[in-house]
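Have a look at the structure below, then the notes.
Read the figures in this text as sums done on the coordinates, not as results from a lab. For clarity, every value in this text was computed on a predicted model and none was experimentally measured. Heads up, the Cβs are rebuilt from the backbone with ideal geometry, glycines too, and the neighbour counts pull from every protein chain shown.
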Amino acid sequence: MKQFLEIAKIVATQGVRGEVRCQYYCDAPEVLCEFDELYFDKGAKPVHVIRAYPHKNIVVMHIEGVDTVEKAQTLVGKLLYIDRDDAELDDDLYFIQDIIGLTVKDADTGEVYGKISEVYQNGAADVYSIKKEDGTELMFPCIDEVVKKIDTEGGEMLIKPLPGLFDEDTE
């Protein structure tokens, strides 16, 4: 598992005092605002966040040492990372990056469907996309009725597809 996880991308400057606008990659902008220390360069360079606050659909951030619009402009396009150890997740929550790549198996038969290739966050429930060995794609909702076990350490997810969920289940 990766130690440093992408959490945002700096997309523009904000004002003239060196603040930057960040597109966040987490469930809510408030999550990004909780971190005092973030990282550039996949975790190689720590940066201290002086202030961060949600604004419309982005997070405005002031990073220590960046106090002019010119300095802020040099950061546009950079990714921000968190250290996995700094994030607290409830037992039933996972990082999307840990879900992608899991082998998906039928909880009853052990049949391997494929590997998680994408996670779509559409509102009520995430939707997982499986890439089968033949290149076809299957999708299923991440709901308790379908997902029976997620084992990120073991690299697998056990599911119980609802009738008709996958094309091969319909006759």
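Contour minus end-to-end for VAL119 and HIS48, with contour as 0.36 nm per residue of separation and end-to-end as the Cα-Cα distance? All intermediate terms of the calculation are to be shown ahead of the outcome.
Working: separation 71, 0.36 × 71 = 25.56 nm, distance 3.00 nm.
Between VAL119 and HIS48, full extension yields an extra 22.6 nm.
Among [x] 120; [y] 178; [z] 134, which is the computed volume of the Cα convex hull per residue in Å³?
Looking at volume of the Cα convex hull per residue in Å³ for this model, the match is [z].
Considering only VAL60, THR74, LEU93, whose Cα is most displaced toward the positive end of the charge dipole of the range 1-138, charges sitting on Cβ of Lys, Arg (+1) and Asp, Glu (-1)?
So the residue furthest toward the plus end is THR74.
Under the Karplus relation 6.51 cos²θ - 1.76 cosθ + 1.60, θ = phi - 60°, what is the ordered set of whole-Hz ³J(HN,Hα) values for the range 63-76, x standing for Gly and Pro?
9, 3, x, 10, 10, 9, 5, 5, 5, 5, 4, 5, 8, 4
Quick one: net charge of LEU80's neighbours, Cβ under 9 Å, K/R +1, D/E -1?
On the way: positive: LYS9, LYS78; negative: GLU6.
Result for the local shell: +1.
So which trypsin sites (Lys or Arg not before Pro) in the range 27-71 end up in coil per DSSP with only 15 or fewer other C-beta atoms within 10 Å? Write out the running numbers ahead of the final one.
Details: sites: LYS42, ARG51, LYS56, LYS71; in loops: LYS56.
When the trypsin sites (Lys or Arg not before Pro) of the range 27-71 are filtered for loop state and at most 15 Cβ neighbours within 10 Å, LYS56 remain.
Could you tell me the distance between the Cα centroids of the range 69-124 and the range 135-149, to the nearest Å?
Taking the Cα centre of each part, the range 69-124 and the range 135-149 sit 15 Å apart.
Between ALA12 and THR109, with labels modelled 7 Å along Cα→Cβ, what's the label distance in nm to one decimal, could you check?
In this crude label model, ALA12 to THR109 measures out at 5.1 nm.
Out of the range 1-75, which GluC sites (Glu not before Pro) are coil in DSSP terms and have no more than 15 other C-beta atoms within 10 Å?
On the way: sites: GLU6, GLU19, GLU30, GLU34, GLU37, GLU64, GLU70; in loops: GLU34, GLU64.
Counting only loop positions with at most 15 other Cβ atoms within 10 Å, the GluC sites (Glu not before Pro) in the range 1-75 are GLU34, GLU64.
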